[in-house]
Amino acid sequence: TSRGSRVQRKAHIVKYEWTPKLRTWTITGTCRIGEGSITCFEISGDGAFLAYGASDCSIGIVDSRKLSPLLKILGAHEFPSTTLRFNTDRSLLVSCSADNSVRIVTVPEKFDDRGSTTLIIFVALLSLLLAVLTQLYFQGYLNPAVLSATTNDTHE
């Protein structure tokens, strides 16, 4: 880019897998974090969670296996986080910032599985639509035989 123009940077977490036979790293997943830079990063002791602090002053937690965002706190500090740390049982996440603030976040034992909730809502709406269409069919509004008989009666 030319001098004076700004490049929009996007922060991602990238997961790699080592293949010893081929002696290569392969990308197995990515998770977009945001528009700015990642300022600090932490892995929980059991490796289940990844925590990040971003230049937009947010902090977040990502599932390390699925690379899916679990929690994001916007405006966690007035300046970006400089340090993150999970406690030993990963029930707390401590975030520190250059604004001399410390934020302690309680990490939920179980996160909502948004994908399952969305699927349940979709199936419920689809079932409702199918029930309405079935009702209309049996009442003759969508039954071609009843419709043609009704139109023939009106033309005679």
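The values are calculated or read from the model by the stated rules, or taken from the named source; none is laboratory data. Just so you know, these numbers come straight off a predicted model, no measurement behind them. Glycine gets a Cβ as well: all are built from the backbone with ideal geometry, and neighbour counts include every protein chain shown.
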Checklist outcome for this item: Scanning the range 64-91 for residues that are under 19 Å from the mean Cα position of the chain (by Cα), closer than 24 Å to GLU17 by Cβ and surrounded by 15 or more Cβ atoms within 10 Å (Cβ to Cβ) gives SER64, LEU67, PRO69, LEU70
Checklist entry - With respect to GLY36, is the statement that it is modelled with pLDDT under 90 and small (Gly, Ala, Ser) true? => result yes
Checklist entry - Does any residue of the range 100-111 turn out to be among the aromatic types (Phe, Trp, Tyr), within 17 Å of GLU35 (Cα to Cα) and surrounded by fewer than 19 Cβ atoms within 10 Å (Cβ to Cβ)? => result no
Checklist entry - Looking at (1) more than 20 Å from ARG9 (Cβ to Cβ); (2) among the β-branched types (Val, Ile, Thr); (3) touching a residue at least 24 places away in the same chain (Cβ under 8 Å), can you tell me which one ILE38 breaks? => result (1)
Checklist outcome for this item: Reported set for the range 22-42 where residues are part of a strand (DSSP E or B), small (Gly, Ala, Ser) and surrounded by fewer than 16 Cβ atoms within 10 Å (Cβ to Cβ) is GLY29
Next on the checklist: Any residue in the range 96-124 that is acidic (Asp, Glu) sitting within a Cβ distance under 6 Å of a residue that is at pLDDT 85 or above? List the pairs, counting only those 6 or more apart or interchain.
Outcome noted: ASP99/HIS77; ASP99/GLU78; ASP99/PHE79
Checklist entry - Consider PHE111 against the criteria (1) assigned to a helix (DSSP H, G or I); (2) under 19 Å from the mean Cα position of the chain (by Cα): it satisfies all of them except one. Which criterion is unmet? => result (1)
